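For reference, the structure is listed below as structure tokens.
The values are calculated or read from the model by the stated rules, or taken from the named source; none is laboratory data. These numbers come from a predicted model, not from an experiment. Heads up, the Cβs are rebuilt from the backbone with ideal geometry, glycines too, and the neighbour counts pull from every protein chain shown. For the accessible areas, the whole protein counts, side chains as well, though only heavy atoms, and no ligand, DNA or RNA atoms are used. Shrake-Rupley method; radii C 1.70, N 1.55, O 1.52, S 1.80 Å.
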Amino acid sequence: LMLLAGAGLLIRSFVSLQTMDPGFDIAQLAVIDPRLPTARYPTPAARTRFIDELTERVACTPAVLATARAGCAPPCVGSIYSAPMHLDEAGATTGESPVFNREVSPTYFAAMGIPLIAGRTFVPADDVADPTALIVSEATSNAWWPEGSPLGRRVQPGWNGAPWFTVVGVVGDVRQVNPDMPAGFQVYHPFAAEGARLGQLVVRTASPLSLISTLRAEARAIDPGVFAGISTMSQLTSEVHARSWFGVWLMTTFAGLGLVLAAGGIFAVVAYDVSRRTGELGLRMALGAAPHDVITLVLLQGARLMAGGVALGLVGSFVVTRLMGGLLFDIEPTDPLTLTLATAVLVGSGLLATYLPARRATRVSPVVALRSE
């Protein structure tokens, strides 16, 4: 029962993980992650020229709907402000919670399918004219400025010499690292504001998988010696889900084996007991007991065998599933529905294992059964 409860929780957690909204459009995205040899691209300017030419080539591909640059597209950790962020209110800080920092190009939010809630997104002029422009996520805005608009507010990272950034827009929340991790606090900077970095190229297209070979060919056309890792966003998120799926598969396998052993054990015990009681059961039928009376008698015996195991299993399940809390997503460790279903599966299998020898006992002739005594 403990294995069944654990497997049920992991299965329901995995289903919730698969259907969870990450905050951006997974189905129509591909990510290009170029790796440039330092010997041929020693300066930021050389690396920038390569990515600019690649972006232009990819954008001209007929099947491409939009392109954007990002320092690190999800799912990835990227850079994190671990120190408290200072707000423009006197003495106000954001606390010790980490803040996910992303450097993105002006077209990033449209390409990713991240909705704009308020204000504006970045424009090309922000790279030079307003490098301190800042965009925050909706949850970040609600937490830092719960009683007013964040537009025009100022934020300063908590290290010496950090500049003040001005909020120009609010966008939807995105699960930046893993789909099962909360969105947390998120801020976005203009890509060039953090210096000339290569980053990644995000491509929006109706059929990302069929476009991979074309994107790779465009990178090689610029420089055949450049390795460009190209993946669809679905593939990247599937790799993250694979770790959860392995846990589900492992627990479900053990739960299935445990269920087979439990049902087989009950069947063996009841079948042996029925064989020893052949004379008694034959006498009951000889005195007028109907087959269903004999079946009910044996089923009650099997139910008594299961009752103790189910009681102990439920107690153990409450303990074990609490230890699994860190593996679960969007479900409580003591979820009543899961425990009820696990109990129903075990009891149903046990009753079936009890019914089979009971049914066999009713087919024995009372005369033969009595003669065996």
With the first residue restricted to the stretch 41-69 and required to be closer than 10 Å to VAL203 by Cα, and the second required to be aliphatic (A, V, I, L, M) and surrounded by fewer than 18 Cβ atoms within 10 Å (Cβ to Cβ), Cβ contacts under 6 Å at 6 or more apart or on different chains are ALA66/ALA110; THR67/ALA59
Filtering the stretch 201-230 for residues that are part of a strand (DSSP E or B) and either without any contact (Cβ under 8 Å) to a residue 40 or more places away in the chain or surrounded by fewer than 18 Cβ atoms within 10 Å (Cβ to Cβ) (or both) leaves a count of 2
Scanning the stretch 332-373 for residues that are in contact with a helix residue (DSSP H, G or I) (Cβ under 7 Å, 6 or more places away or on another chain), assigned to a loop (DSSP other than H, G, I, E, B) and at pLDDT below 80, the one surrounded by the fewest Cβ atoms within 10 Å (Cβ to Cβ) turns out to be GLU373
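For every residue, the table says whether it meets (1) crowded, with 18+ Cβ neighbours inside 10 Å; (2) at pLDDT 85 or above; (3) assigned to a loop (DSSP other than H, G, I, E, B).
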site: VAL15; (1), (2), (3): no, no, no
site: GLN18; (1), (2), (3): no, no, no
site: ASP21; (1), (2), (3): no, no, yes
site: THR38; (1), (2), (3): no, no, yes
site: GLU56; (1), (2), (3): no, yes, no
site: LEU65; (1), (2), (3): no, yes, no
site: ALA68; (1), (2), (3): yes, yes, no
Taking the stretch 315-331 and keeping only residues that are in contact with a helix residue (DSSP H, G or I) (Cβ under 7 Å, 6 or more places away or on another chain) and open to solvent by less than 60 Å² (accessible area, probe 1.4 Å), one is left with GLY316, SER317, VAL320, THR321, MET324, LEU328, PHE329, ILE331
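Let's see how each residue does on (1) out of contact with any Gly (no Cβ under 9 Å at 6 or more places or on another chain); (2) open to solvent by less than 10 Å² (accessible area, probe 1.4 Å); (3) modelled with pLDDT of 90 or more:
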residue	(1), (2), (3)
ALA129	yes, no, no
THR132	yes, no, no
VAL136	no, yes, yes
SER149	no, no, no
GLN156	yes, no, no
GLY161	yes, no, no
VAL170	no, yes, yes
ASP173	no, no, no
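May I ask you to verify whether ALA143 is assigned to a loop (DSSP other than H, G, I, E, B), out of contact with any Cys (no Cβ under 8 Å at 6 or more places or on another chain) and at pLDDT below 90?
no
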